[in-house]
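Let me begin by presenting the structure, written as structure tokens, before commenting on it.
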Amino acid sequence: MSKESSAKIKFYNGENIPLELHKVRVVQKLHLVPIERRLEALQEGGFNTFRLNTRDVFLDMLTDSGTNAMSDMQLSAMMHADDAYAGSQSFFRMQKAVEDVLKKKYLLPAHQGRAAENILANAYIKKKGDLIPMNYHFTTALAHITQYGGRIVELLYDEAYNIASSHPFKGNMNVERLEEVIRETGVENIPFIRMEASTNLIGGQPFSIANMRAVREIADKYGIKIVLDASLLGENAYLVIRREPEFADASMAEVIEIMTGLADIVYFSARKLSSSRGGGICTNDLNIYRDLEPLVPLFEGFLTYGGMSVREIEAIAVGLYETLDESMICQSPQFIAYLVDILVAQGVPMVTPPGVLGAHVDAMKMCEHIPQTQYPAGALAAAFFLISGVRGMERGSISNQRDENGNETYADMELLRLAVPRRVFTLSQIKYVADRMTWLHRNRELIGGLKFVYEPPVLRFFMGGLEPVSDWTQKLIAKFKEDFGDSL
Ligand code: F0G
């Protein structure tokens with residue numbers, strides 16, 4: 001597979017430009033609606049960017065989930081999908097790709113990543129209070145673990161919480177603490193250890209292979225399984241090659257094989273891992289396979305489709321092989337680094353080093369004047385959409401769940417994530433994002449807080465409704481018009 005990477009292409013003029021290593025063959029028209037319409041859209045959508053209609057969105061930076069560009073090979077594979085309830089050839093092609101790329105021979109299909117989390121939590125959380133140590137939680141993983149009576153403990157090193165850092169592997173698990181936690185809790189109360197590749201909620205930050213090897217040693221010492229959330233595995237592997245000297249000359253295939261080889265169970269959201277849809281769980285351990293097997297027909301569908309369409313399954317198979325191609329994976333992290341570097345130079349507080357999945361703005365710092373009780377990251381997401389038409393995602397306290405007594409649990413970080421799905425945006429669009437964010441940063445004191453008017457009990461950030469605590473949106477619009485005139 002190709003080791004071409006835009007990181008390796010130098011420009012004569014010395015500029016550091018992430019060159020696209022693909023060409024665009026199918027396009028979709030975008031709309032940049034006037035600022036007044038963007039305000040109405042926010043009002044209709046409860047100031048929650050999840051609830052916007054994409055007809056009102058210019059650049060959709062909500063997520064990379066299911067929005068990465070598909071390749072010509074994926075689209076053509078979808079045409080020869082084999083429709084069958086049981087024994088579809090499409091499934092066997094996916095199984096072969098999982099075996100070739102992730103090096104696991106038993107595959108349990110699931111309709112997306114959280115469905116895999118549901119199956120794992122159902123199978124392994126056996127009693128109230130069972131504890132899952134992890135580098136950091138992801139919203140849906142936490143929701144499923146707690147749904148079955150489990151608890152989690154997050155074991156990052158302190159440096160991970162240092163937003164502006166140069167540490168290359170902020171997703172590393174604190175192995176000293178891991179061992180203490182195991183001793184304090186008792187092996188019998190720890191169903192598995194969860195490692196998340198490219199730790200999403202702290203800004204898409206990777207772990208190193210040295211760290212995962214250390215986690216494996218402890219897991220072996222105490223006989224505990226490791227579950228790897230591989231949804232962002234390709235990007236973690238790419239950053240291992242760039243940042244961990246031992247692997248500077250390694251291929252994506254070699255790094256991925258080492259990482260999955262250190263885990264007993266690998267699960268993934270194929271919406272992220274292979275630019276398609278769906279998900280799955282895989283392992284080389286027949287006993288584990290047998291533990292999980294009955295749950296797939298119960299929750300997902302028959303074992304050769306698991307809630308997915310056969311067309312999605314074909315796209316996953318091709319997408320998994322493409323994950324081994326550095327030129328496929330490099331574009332998004334390179335664009336993110338480009339965006340982060342511009343914004344840092346403009347004084348915008350960003351998560352550094354640049355991670356994967358998206359660029360992350362530190363809303364706690366940018367909106368210091370907004371108390372955490374008024375959701376600074378949610379407010380920044382709304383304000384940025386208002387002045388740019390760019391839709392990001394709140395990754396702060398709104399995305400947190402309340403504790404068992406119904407109290408707010410404030411997030412460690414209040415981030416606005418601007419996702420950069422693979423091979424979707426052009427460099428001028430990225431420059432537009434940087435320009436509008438720079439302007440908003442200079443006018444940040446105009447942004448005000450939000451309050452909930454409708455709060456669902458589970459995963460409230462998806463459909464919750466909020467409203468501004470004051471009339472700050474009008475002030476922001478007035479300043480925008482003063483500076484940009486009749487620009488959209
Ligand atoms: N694990 C990680 C690390 C994820 O980022 C996600 C989804 C999941 C599991 C769940 O997978 O969506 O297929 O059910 N992340 C998306 C995001 C939603 O926008 O970051 P899913």
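Are any of the residues in the stretch 47-56 assigned to a loop (DSSP other than H, G, I, E, B), surrounded by fewer than 19 Cβ atoms within 10 Å (Cβ to Cβ) and not assigned by TED's automatic domain parsing to the domain that holds G301?
Yes, there is a match, as at least one residue in the stretch 47-56 is assigned to a loop (DSSP other than H, G, I, E, B), surrounded by fewer than 19 Cβ atoms within 10 Å (Cβ to Cβ) and not assigned by TED's automatic domain parsing to the domain that holds G301.
Looking at the stretch 231-248, can you tell me whether even one residue there is touching a strand residue (DSSP E or B) at 6+ places or on another chain (Cβ under 7 Å) and open to solvent by 10 Å² or more (accessible area, probe 1.4 Å)? Yes, there is a match, as at least one residue in the stretch 231-248 is touching a strand residue (DSSP E or B) at 6+ places or on another chain (Cβ under 7 Å) and open to solvent by 10 Å² or more (accessible area, probe 1.4 Å). Is there a residue in the stretch 144-154 that is acidic (D, E), within 19 Å of the chain's Cα centre (by Cα), within 15 Å of the ligand (Cβ to nearest atom) and open to solvent by 40 Å² or more (accessible area, probe 1.4 Å)? Yes, the stretch 144-154 contains at least one residue that is acidic (D, E), within 19 Å of the chain's Cα centre (by Cα), within 15 Å of the ligand (Cβ to nearest atom) and open to solvent by 40 Å² or more (accessible area, probe 1.4 Å). Of all the listed residues (D158, D130), the sole one being under 22 Å from V351 (Cα atoms), more than 18 Å from the chain's Cα centre (by Cα), among the acidic types (D, E) and more than 14 Å from the ligand (Cβ to nearest atom) is D158.
Would you call A97 within 16 Å of the ligand (Cβ to nearest atom) and hydrophobic (A, V, I, L, M, F, W, C)?
no
Taken over the stretch 13-40, the criterion of being outside any loop (DSSP other than H, G, I, E, B), in contact (Cβ under 8 Å) with a residue 24 or more places away in the chain and open to solvent by less than 70 Å² (accessible area, probe 1.4 Å) is satisfied by I35, R38, L39. Taken together, W472, W439 contain a single residue that is more than 22 Å from Q43 (Cα to Cα) and not charged (D, E, K, R), which is W439.
Among the residues of the stretch 444-465, those that are part of a loop (DSSP other than H, G, I, E, B) and within 24 Å of the chain's Cα centre (by Cα) comprise E455, P456, P457, V458, L459, G464. Taking each residue of the stretch 250-266 that is not assigned by TED's automatic domain parsing to the domain that holds Y124 and looking for partners that are of a type in the set (S, T, N, Q) and open to solvent by less than 10 Å² (accessible area, probe 1.4 Å) with beta-carbon atoms closer than 8 Å, six or more apart or interchain, yields nothing. Only one entry of I209, I202, I193, I226 meets the criterion of being free of Cβ contacts under 8 Å to residues at least 40 places away in the same chain and open to solvent by less than 10 Å² (accessible area, probe 1.4 Å), and that entry is I226. Taking the stretch 57-73 as the range and being buried (at least 16 other Cβ atoms within 10 Å of the Cβ), under 17 Å from R277 (Cβ atoms) and away from the ligand (no atom under 15 Å from the Cβ) as the test, the residues that pass are A69, M70, S71. Restricting to the stretch 212-223, name every residue that is open to solvent by less than 10 Å² (accessible area, probe 1.4 Å) and away from the ligand (no atom under 16 Å from the Cβ). Of everything in the stretch 212-223, those that are open to solvent by less than 10 Å² (accessible area, probe 1.4 Å) and away from the ligand (no atom under 16 Å from the Cβ) turn out to be V215, A219. Of all residues in the stretch 278-310, those being open to solvent by 60 Å² or more (accessible area, probe 1.4 Å) and assigned to a helix (DSSP H, G or I) number 7. Where helices (runs of 4 or more DSSP H) fall entirely within the stretch 109-227, those with at least 1 residues that are within 30 Å of Y85 (Cα to Cα) and of a type in the set (F, W, Y) are at 113-124.
The values are calculated or read from the model by the stated rules, or taken from the named source; none is laboratory data. Just so it is clear, the model here is predicted, and its values are computed rather than measured. In this analysis, Cβ positions are derived from the backbone assuming ideal geometry, glycine residues included, and neighbour counts consider all displayed protein chains. Ligands, DNA and RNA are excluded from the accessible area calculation, which covers all protein heavy atoms including side chains. Shrake-Rupley method; radii C 1.70, N 1.55, O 1.52, S 1.80 Å.
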